[in-house]
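Asks: Take this structure, written in structure tokens, and hold onto it; I'll ask about it next.
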Amino acid sequence: MNYSEFSDVELIELLQSDGDFNGAFTVIYDHYYPSLILHAHRMLGDRDLAKDVVQEIFTKLFQQREDIHIKTSLKSYLHAAVRNRVFDTIKHAKVEMNYAEDFFTYVKDYGELADEQMCLKELARVIESEIEKMPLKMREVFELSRRQFLSQKDIAKLLHLSKNTVNNQIQRAIKKLRGNKLLHT
């Protein structure tokens, strides 16, 4: 069957069917991959990262093909998915940068570390231990914020809490971590 002659709507229908969805997926991939790479590369300035982003989009498209409901054109849908994934990637990179800056500030403020590897492992162990000691709701909010990188608004919605409660829980968790004397030795 020559899938390249099918419209995007027909390809999506084939992709979602129990039949030969691989052929439809291959045509979609071959047709949109180059423009999506270009789109992601323009936003990120890094070709390898752009390839990773586009690959994630196509992996998700394939894995969730039966549940996808496209209300716009396939081209618009894929470009929006790439744009959103790029924004998530940039947001994640900023969070990682903030953690790195916080760590280096900590190192500068509390002296040079004798054995960096051992100290890092011990610091991570102590932090994990302190997080585990937090009350359940505080720990849940903190982990969604710091490990899942969800916004306070998203956490509030997910846990059915007010944004103010989420903010307070995060601030208390940070205060609890900063108050641990083992983290300051």
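The values are calculated or read from the model by the stated rules, or taken from the named source; none is laboratory data. Values in this document were obtained by computation on a predicted structure and should not be read as measured data. Neighbour counts are summed over all protein chains in view; Cβ atoms, including those assigned to glycine, are modelled from backbone coordinates with ideal geometry.
Asks: State yes or no: is Ser129 exposed (fewer than 13 other Cβ atoms within 10 Å of the Cβ) and hydroxyl-bearing (Ser, Thr, Tyr)?
Replies: Yes; evaluated as a whole, the condition is true for this residue.
Asks: Suppose we keep only residues that are out of contact with any Phe, Trp or Tyr (no Cβ under 8 Å at 6 or more places or on another chain) and surrounded by 14 or more Cβ atoms within 10 Å (Cβ to Cβ) within region 166-182. Which one would you say is modelled with the lowest pLDDT?
Replies: That would be Asn180.
Asks: With respect to the numbered conditions (1) part of a loop (DSSP other than H, G, I, E, B); (2) within 19 Å of the chain's Cα centre (by Cα), which one is the sole condition not fulfilled by Leu158?
Replies: Among (1) part of a loop (DSSP other than H, G, I, E, B); (2) within 19 Å of the chain's Cα centre (by Cα), the lone unmet condition for Leu158 is (1).
Let's see how each residue does on (1) β-branched (Val, Ile, Thr); (2) on the phi > 0 side of the Ramachandran plot; (3) in contact (Cβ under 8 Å) with a residue 12 or more places away in the chain:
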| position | (1), (2), (3) |
| --- | --- |
| Ser17 | no, no, no |
| Asn22 | no, no, no |
| Pro34 | no, no, no |
| Arg65 | no, no, yes |
| Ile68 | yes, no, yes |
| Ala81 | no, no, yes |
| Phe87 | no, no, no |
| Ile90 | yes, no, yes |
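Asks: Moving on. Which condition breaks for Asn84 when tested against (1) surrounded by 13 or more Cβ atoms within 10 Å (Cβ to Cβ); (2) in a helix (DSSP H, G or I)?
Replies: All conditions pass for Asn84, except number (1).
Asks: Identify the residue in region 82-104 that is more than 12 Å from the chain's Cα centre (by Cα) and of a type in the set (D, E, K, R) and, among all such residues, is farthest from His41 (Cα to Cα).
Replies: Filtering first and then ranking leaves Asp102.
Asks: Another question about this same structure. Specify which of the listed residues (Thr89, Thr72) is out of contact with any His (no Cβ under 9 Å at 6 or more places or on another chain), assigned to a helix (DSSP H, G or I), polar (S, T, N, Q) and closer than 29 Å to Ser151 by Cβ.
Replies: Thr89
Asks: I'd like the residue in region 24-55 that is surrounded by 15 or more Cβ atoms within 10 Å (Cβ to Cβ) and among the β-branched types (Val, Ile, Thr) and, out of all such residues, is nearest to the chain's Cα centre (by Cα).
Replies: Val53
Asks: If you go through region 147-165 one residue at a time, how many are under 23 Å from Phe87 (Cα atoms) and either buried (at least 16 other Cβ atoms within 10 Å of the Cβ) or touching a residue at least 40 places away in the same chain (Cβ under 8 Å) (or both)?
Replies: 5
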